[in-house]
Amino acid sequence: WFTQARQNVASKYHSWYVWSDDRPKNYDKGMVFPGVQKAIWTLDSVSGKYYYHRFYKFQPDLNMQNSEVKTEIKKIIKFWMDQGINGFRLDAVPFFIEIPQKAGEKFELQYDLLADMRTYVEDIDKEAVILGEANVLPDENKNFFGENGEGMAMMFNFFANQHLFYALATSEVKPLIKALNRTKEIPKEAEWGQFLRNHDEVDLGRLTKKERDKVYEVLGPEKHMQLYDRGIRRRLAPMLNNSRKQLELAYSVLLALPSTPVLRYGDEIGMGDDLKLKERLSVRTPMQWSDDPNAGFTTNKTAVRPVIQVPPFDYKSVNVEKQLSDEKSLLEWTMRMVRLRKSCPEISYGDWEILDVSSDNVLAIKYQWNGKHLLVIHNFSPEHAGMKVNATLAKHEAKNLLQDDDDFETLPDELQLAGYDYRWYQLNVTSDAKE
């Protein structure tokens with residue numbers, strides 16, 4: 001399309017892209033990859049015009065004002081849905097729906113495009129989901145979800161994610177609590193995708209510089225571990241020094257957060273990264289299935305990019321096959337926790353509140369739905385912590401869902417938590433101890 005667009009202005013494909021005869025004034029503002037990318041408008045040597053690209057210069061943006069482009073996108077969606085696909089990740093949603101201007105980096109956004117796409121997808125399959133990537137401030141969420149939930153069906157909760165990493169780095173939970181509360185109110189028809197890692201860098205752009213520097217110091221202290229002046233290009237296991245206790249805490253938190261948890265491939269076995277690869281490619285190495293050549297990812301002589309071969313994250317030491325045969329492995333633990341999460345639908349559907357537990361390091365969330373009550377507690381500190389239980393809650397009997405027995409015991413006035421400890425309690429709310 002672009003080849004035809006640049007060679008002939010009379011081609012229908014020319015209007016499928018965004019052009020300018022003159023170099024726009026703010027041609028270098030609003031770049032997605034600062035420090036690597038040089039502009040969002042680049043001179044095309046064939047047409048003699050400047051073309052628009054929010055990402056790299058070899059990725060010209062399609063013009064979403066063009067009706068033929070919209071039709072083509074729907075054709076592509078239907079093609080994949082006809083193959084049985086019933087879910088899509090919509091990348092960089094704000095850039096997808098923006099109306100580019102020749103100057104400036106604050107563009108008008110067409111939120112109706114999101115509602116139109118959702119309607120189209122659900123007309124084909126009402127169970128299909130579009131998971132949007134929109135790293136925006138909480139006040140903007142309603143624009144992307146839609147006033148009545150007619151926009152994105154799901155969005156990644158970047159705001160909570162960044163403050164979760166701050167908590168993992170500093171043990172301080174107050175900023176995370178504020179972030180969760182600020183992203184609490186969304187339409188009933190919408191859902192958050194809560195996550196730890198994805199296939200990009202850990203984006204810390206919503207933190208203050210002071211907060212970001214604290215996270216850098218602990219999780220990405222070396223310059224080559226950082227990226228785009230805003231993030232960290234490492235996987236979770238290396239960031240947490242491959243500490244099993246911290247990894248369990250992090251994933252227990254993820255599974256216990258409101259809405260839907262999203263797991264990144266390889267994190268369930270504690271995969272590492274390859275910092276010799278450029279930019280985001282460091283966390284995009286092949287999945288480590290076994291100790292076969294190329295980690296069992298392919299039978300070709302080489303994989304799409306190198307598999308990790310340096311201990312302790314080398315594919316011969318860290319792979320699915322090996323961990324499936326070890327009942328104490330991270331994979332087996334993750335599968336048990338996923339089963340536990342599935343047995344607690346109140347996390348997805350219920351009302352929730354964050355409890356005041358008189359500790360700067362402990363996050364306690366209580367859920368209630370359809371007569372079921374759940375209490376999840378996490379100590380982000382490596383040190384012992386005491387957690388005060390409010391008087392009403394202390395009257396309840398509780399069963400520790402992480403233990404095999406079915407015994408209920410009355411909650412004490414204060415719970416004692418070891419470093420990086422986590423608890424999942426089913427509460428037995430009796431008529432004598434109603435809230």
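The values are calculated or read from the model by the stated rules, or taken from the named source; none is laboratory data. Nothing here was measured: the structure is a model prediction, and the numbers come from that model. As a convention, Cβ positions derive from the backbone with ideal geometry for all residues, glycine included, and neighbour counts pool all protein chains shown. Note: accessible area is taken over every heavy atom of the protein model, side chains too, but ligands, DNA and RNA are not part of it. Shrake-Rupley method; radii C 1.70, N 1.55, O 1.52, S 1.80 Å.
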*For G87, which sequence-distant residues (separation of 5 or more, or a different chain) have an amide H within less than 5 Å of its own amide H, given hydrogens modelled in the peptide plane?*
V129
*Ordering K209, K25 from largest to smallest accessible area (1.4 angstrom probe), what's the sequence?*
K25, K209
*Hey, how many Å between the Cα centroid of segment 161-201 and the Cα centroid of segment 33-71?*
32
*Grab the beta carbon distance between I73 and D406, set R0 = 60 Å, and tell me the FRET efficiency rounded to 0.05.*
0.70
*Counting Lys +1, Arg +1, Asp -1, Glu -1, what net charge surrounds Q226 among other residues with beta carbon under 15 Å of its beta carbon?*
0
_If R₀ is 22 angstrom, what is the calculated FRET efficiency for the pair D21 and S45, using the beta carbon separation as r and rounding to 0.05?_
0.90
*Which value, in debye to the nearest 20, describes the size of the charge dipole of segment 229-313 about its Cα centre when Lys and Arg Cβ atoms bear +1, Asp and Glu Cβ atoms bear -1, and nothing else is charged?*
320
_Under-5 Å amide H pairs with Y17, H placed in peptide plane, nonlocal only_ = N63
*Give the peptides 279-285, 121-127 in descending order of average Cβ contacts within 10 Å, highest first.*
279-285, 121-127
_Run the simple label-point estimate for V32 and S358 please: 7 Å along Cα→C-beta, distance reported in nm._
5.0
*asked:* Greater than 23 Å separation of Cα atoms is the criterion. Which listed pairs, K12/K126; K29/K57; K214/K328; K174/K395, meet it?
replied: K12/K126; K214/K328; K174/K395
*Setting aside same-chain residues fewer than 8 positions from K70, which aspartates and glutamates have a Cα under 14 Å from its Cα?*
D61, E98, D112, D116
_For segment 1-153, take every pair of Cα atoms, bin their distances at 10 Å starting from 0, and report each bin as a whole percent._
10, 36, 34, 18, 2
*Using θ = phi - 60° and the Karplus relation 6.51 cos²θ - 1.76 cosθ + 1.60, list the HN-Hα couplings for segment 261-270 in order, rounded to whole Hz, with x at every Gly or Pro.*
x, 10, 9, 8, 3, x, 6, 6, 10, x
*Could you give the length gained on full extension between Q416 and D125, defined as 0.36 nm per residue of separation minus the Cα-Cα distance, in nm?*
99.9 nm
*Enumerate the calculated ³J(HN,Hα) couplings along segment 20-37 in order (Karplus 6.51 cos²θ - 1.76 cosθ + 1.60, θ = phi - 60°), each rounded to whole Hz, writing x wherever the residue is Gly or Pro.*
9, 5, 10, 5, x, 4, 9, 5, 10, 9, x, 6, 7, 10, x, x, 10, 7
*asked:* Please identify the DSSP H helices in the chain that span no less than 20 Å along the helix axis (Cα) and have a mean Kyte-Doolittle hydropathy of 1.0 or more.
replied: none
*Over what distance in Å are the Cα centres of segment 350-385 and segment 321-341 separated?*
24
*Once the whole set of protein chains is in place, how much accessible area is left on F2, using a 1.4 Å probe, in Å² to the nearest 10?*
40
*segment 175-298: projected area of the alpha-carbon convex hull, averaged over directions, in nm²*: 9.2
*Just the Cα atoms of the chain: what Rg and Dmax do they give in Å?*
24.0, 79
*Could you state the principal axis extents of the C-alpha atoms in segment 228-380, from the largest down, to the nearest angstrom?*
56, 39, 23
*Tell me what the chain gives for mean residue ellipticity at 222 nm when only DSSP H runs of n ≥ 4 count, each as -39,500 (n - 2.57), the sum divided by the residue total, rounded to 500 deg cm²/dmol.*
-7500 deg cm²/dmol
*Could you run the Karplus curve 6.51 cos²θ - 1.76 cosθ + 1.60 with θ = phi - 60° over segment 386-395 and give me ³J(HN,Hα) per residue in whole Hz, x for Gly and Pro?*
x, 10, 6, 9, 5, 4, 5, 5, 5, 7
